[in-house]
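Worksheet: the structure to be examined is printed underneath.
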């Protein structure tokens, strides 16, 4: 899957920013790829980008219309269809992270063929994925792992990638979820991969590379999640990481949406991730802790960060609030 | 997926017993469901069942033609098609564990609809699988786990199920692979399930039950396999087992087909499986070790069994060679 950039971001009739999380993520992390936004009259969300219709966006260089919002039910609402057709007629690819495939919207596939543009469904995994083999490969890999889902693994990986690149270290962000794929322009939508192929999909996503190159891999799920731990373990094994960063939200009292499922201690989580990663790389190291401290005061943040450092004896940071320098030093050291 | 029994077993033109592993497995473990076999003239394999053509088999009560052999490439060869049509015309369902869906064989779906019979693809997972939630449920569950793939997890589960039933304990074998599903008549083909739903699929397969009922669940893969460990972890979590039996082949020097991947010690394997299962059931116990000693002499077998008992402090057995009594006692005790 290879997505053509830059984007015109479609915000439809989104009433609230929370429905446009994907759009905000892409704007924040892939700003140079976001030329303009396109909003229907009812839209209440603003990315702060110039407003353009497809033809005007194509004229200034846009290559794809990115569906940046989540409609109810994950399906394309009928009210969007005329707009999608307009984009195709303007020569833009359509890029979607929705559950429905774009080809299932009547007439779209024919129109796309006629105008020689691509319909890209980010949720469709590649065909013919291999089974993981665990054979040692060259290059270095960092994986972000978590005590739970949805607490900063993607943002941590993106932050580390930028920090490495700004130091002149060769580094590539490797996406394993929809928003990550839209930011990177490629990746594997791990939540759609058949279980047997999870490790193999990650091996394919992060192939052998130069010895000093870092793949920075977006983690998924958690070894402590009652439903998703298998996905996470397959990802850990396929990644064959040299370095792990443990991501955590100190305000979370239990696994999200699972009040019966306890949060692990940082110590237990670190131990289990290291044990798991050792299967395919005996030399794996924990190099940092990433805390999501958005709900904390400055004093609480400092306390949480220093407590995590103390507990795990590695540097800590909040990718949105504090510097990653000491984690990067540990990682490269 | 609910399969209608008894079976007429189709052996096609199988030249060697190894191609008919599925057929032998079903005959050995579901003898009462196997009425007859049907062989093309070139067939060199014999299950020891009466030879019948579809019409004759239907007359004595057969409900399904079971494809008991693995053709090269996992596809239905053209030479089988007339036979499959004959079976449908005789009113038999067709049951297949092949990769190709029966509907993809030209003309079969129409013929099946006309004769009101089912085409059952054992490799097609159920739709709308839930995500695992890990909420404690009633009933007891035993799961067979392994140091590697293909060393006796299914046979161990089948043996334990029969032994429990013969003692009057309510017990149900729960299948997670193709052959197991053909034996049980239902189950989940775990190797085709999207990773996010593995735990949920197993929760659905082994629902809450009477407090003294045992679900005996067929394990898959291994936590120590570089490609499949994620599947195994999802299965362990979804099973929420009260009891584990660790399966092992003492002659195996490394993970099969992966010479770079070391076999774990029995002790390490037991520790990791217990740790993993504790996520959803703090009271899980290891109740036995099952050894595949088919390649050993009588003296070597005894030595291997007693060594395993000593190493793990639980009873050991070989489901095809020795009694399961002491394991069952430990399990019920």
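Per residue of B:233-245, what is the mean number of Cβ atoms on other protein chains within 10 angstrom of that residue's Cβ? Don't skip to the end; give the middle numbers.
Details: counts 10, 11, 2, 2, 8, 4, 0, 1, 0, 0, 0, 0, 0.
Other-chain Cβ atoms within 10 Å of each residue's Cβ, averaged: 3.
Between helix A:298-312 and chain A, what is the angle of the helix's C-alpha long axis to the longest principal axis, kept within 0 to 90° and rounded to the nearest 10?
The angle comes out near 60 degrees.
Given the options A:138, A:96, A:297, which has the most mean-square fluctuation in a GNM of chain A, springs set between C-alpha atoms less than 10 angstrom apart?
A:297
Rounded, prolate or oblate: which one fits the range B:36-179, using the alpha carbon gyration tensor with axes a ≥ b ≥ c (rounded when a/c is under 1.5, else prolate when a/b beats b/c, else oblate)? Don't jump to the answer; show the numbers that get you there.
Working: a/c = 1.93, a/b = 1.62, b/c = 1.19.
Prolate.
Just report the Cα centroid separation between the range A:152-207 and the range A:223-256, whole Å.
Answer, in whole Å: 15.
Quick one: what Rg and Dmax do you get for the range A:1-106 from the alpha carbons, in Å?
Here Rg and the maximum Cα pair distance are 12.4, 33 Å.
Pairwise over distinct Cα atoms, reciprocal of the mean inverse distance: report the Kirkwood radius of the range B:194-308 in Å, one decimal place.
Working: mean 1/r = 0.0646 Å⁻¹.
The Cα-based Kirkwood calculation yields 15.5 Å.
If r is the Cβ-Cβ distance from residue A:252 to residue A:46 and R0 is 30 Å, what FRET efficiency results, to the nearest 0.05?
0.50
Could you tell me whether the range A:146-231 comes out rounded, prolate or oblate from its Cα gyration tensor? Rule is a ≥ b ≥ c as square roots of the eigenvalues, rounded for a/c under 1.5, then prolate if a/b exceeds b/c, otherwise oblate. Each step should come with its number before you reach the end.
Numbers: a/c = 1.99, a/b = 1.46, b/c = 1.36.
It is prolate, given that a/c is not under 1.5 and a/b is the larger ratio.
What are the extents of the Cα atoms of the range A:140-332 along their three principal axes, in Å, largest first?
42, 41, 33
If I model a spin label as a point 7 Å beyond the Cα along the Cα-Cβ vector, how far apart are those points for residue A:295 and residue B:104 in nm?
4.7 nm
Distances from residue A:257 to the same position in the other copies: list them in nm, one decimal, shortest first, using label points 7 Å from Cα along Cα→Cβ.
3.4
Quick check on the range B:210-256: take the gyration tensor over C-alpha atoms, sort the square-rooted eigenvalues as a ≥ b ≥ c, and tell me if it's rounded (a/c under 1.5), prolate or oblate. List each step's numbers first, then the result.
Values: a/c = 3.80, a/b = 1.75, b/c = 2.17.
Oblate, since a/c reaches 1.5 and b/c is not below a/b.
With each pseudo-label sitting 7 Å past Cα toward Cβ, what's the residue A:124-residue B:86 distance in nm, one decimal?
In this crude label model, residue A:124 to residue B:86 measures out at 4.1 nm.
Relative contact order for chain B: what is it in percent, counting Cα pairs under 8 Å that are at least 6 residues apart?
15 percent
Below 8 Å, C-alpha to C-alpha, sequence gap of six or more: please give me the relative contact order for the range A:7-121 in percent.
Numbers: 203 pairs, mean separation 29.4, N = 115.
For the range A:7-121, the relative contact order is 26 percent.
Can you tell me the 0 to 90 degree angle between the C-alpha axis of helix A:266-278 and the longest principal axis of chain A, rounded to 10?
Once rounded, one gets 80 degrees.
Can you compute the helix-only [θ] at 222 nm over chain B? Use -39500 (n - 2.57) per DSSP H run of at least 4 residues, normalise by all residues, nearest 500 deg cm²/dmol.
On the way: 11 runs with 107 residues, N = 333.
After summing the helix terms and dividing by the residues of chain B, the value is -9500 deg cm²/dmol.
Want the number for residue B:137 to residue B:59: 0.36 nm per residue separation, take away the alpha-carbon distance, what's left?
Values: separation 78, 0.36 × 78 = 28.08 nm, distance 4.38 nm.
Answer, rounded to one decimal: 23.7 nm.
Report the per residue volume, in Å³, of the convex hull enclosing the C-alpha atoms of the protein assembly as shown. Numbers along the way, then the final one.
On the way: hull volume 119.3 nm³, N = 666.
Hull volume normalised by residue count: 179 Å³.
May I ask for the percentage of alpha-carbon pairs in the range A:264-313 that lie more than 12 Å from each other?
Numbers: 823 of 1225 pairs.
Summing the P(r) tail past 12 Å for the range A:264-313 gives 67 percent.
Extension gain residue B:309-residue B:262, at 0.36 nm per residue separation less the Cα-Cα distance, in nm? Provide the component values of the computation, followed by the final result.
On the way: separation 47, 0.36 × 47 = 16.92 nm, distance 2.17 nm.
So the chain would gain 14.7 nm between residue B:309 and residue B:262.
Largest first, please: the extent of the C-alpha atoms of chain B along each principal axis, to the nearest Å.
Principal-axis extents of chain B (Cα, largest first): 57, 46, 44 Å.
No lab work stands behind these numbers, since they all come straight from the coordinates. Remember, predicted model here, so these are calculated numbers, not experimental data. Every residue, glycine as well, gets a Cβ built from its backbone with ideal geometry; the counts of neighbours run over all protein chains shown.
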